[in-house]
Amino acid sequence: MVTFDNVQRLRETNTPALALGAFTRGAELSARQDQSISIRADSLRPPSGGTFSAYLGNVIQAELAGAGKLDPASPLVLSGELTRSEVSTVEAQSRGAVGARFRLVRAGAVVFEKEITVVEDWPSSYWGFEAIPEAMNHYTGLYPKLFGALLADPEFQAATR
């Protein structure tokens, strides 16, 4: 999934091409949380069928490729650990949160390391047949927003230069 906002941000900030390292589960997240998330009486599994941490890497890979900023030979290597993965659909209000600890390495030296989290609230229906798909869409939409938050971080921007 390539988002216009992230492609624009990558181009406007003159972010150099990046290589990607591993995207794994952080110690804060259980293996179960990395493989499935409960939404009322249903559960959501990562679109790729693997883990949400790998899904984060796939989203970032697609965004970078969409902006022409993915280069496996780049001296800048971005990796991450998924640290937060939550959805709550209680009553008329829902909330989702996704967080990751990102690491940027240049020539073997860590030049940036920071945990970033995005949280989103949205109105929810009492009816599960409406609330569950809505929560799934909002939750998966948090992954590009998390990458966008990383791109907007001034410390990350400085580390890429």
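The values are calculated or read from the model by the stated rules, or taken from the named source; none is laboratory data. Keep in mind that this is a model prediction, so the values were computed, not measured. Cβ atoms come from the backbone with ideal geometry, glycine included; neighbour counts cover every protein chain shown. With ligands, DNA and RNA removed, areas are computed over all heavy atoms of the protein, side chains included. Shrake-Rupley method; radii C 1.70, N 1.55, O 1.52, S 1.80 Å.
Values computed for the structure shown
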quantity	calculated
Residue satisfying condition, being modelled with pLDDT of 95 or more and either crowded, with 20+ Cβ neighbours inside 10 Å or among the small types (G, A, S) (or both), within set V111, V105, V98, V118	V118
Unmet requirement for D153, which otherwise passes all of (1) modelled with pLDDT of 90 or more; (2) of a type in the set (D, E); (3) in contact with a helix residue (DSSP H, G or I) (Cβ under 7 Å, 6 or more places away or on another chain)	(3)
Per-region count, the range 84-95, residues assigned to a strand (DSSP E or B) and open to solvent by 10 Å² or more (accessible area, probe 1.4 Å)	8
Strands (runs of 3 or more DSSP E) wholly inside the range 18-64 containing at least 3 residues that are at pLDDT 95 or above	19-25
Test for D153: is it surrounded by fewer than 18 Cβ atoms within 10 Å (Cβ to Cβ) and free of Cβ contacts under 8 Å to residues at least 40 places away in the same chain	yes
Some residue of the range 121-143 being under 20 Å from E12 (Cα atoms), at pLDDT below 95 and under 11 Å from the mean Cα position of the chain (by Cα)	no
Complete set of residues in the range 3-27 that are on the phi < 0 side of the Ramachandran plot, polar (S, T, N, Q) and more than 15 Å from the chain's Cα centre (by Cα)	Q8, T13, T15
Of all residues making up the range 65-74, the number that are surrounded by fewer than 16 Cβ atoms within 10 Å (Cβ to Cβ) and either at pLDDT 95 or above or of a type in the set (A, V, I, L, M) (or both)	4
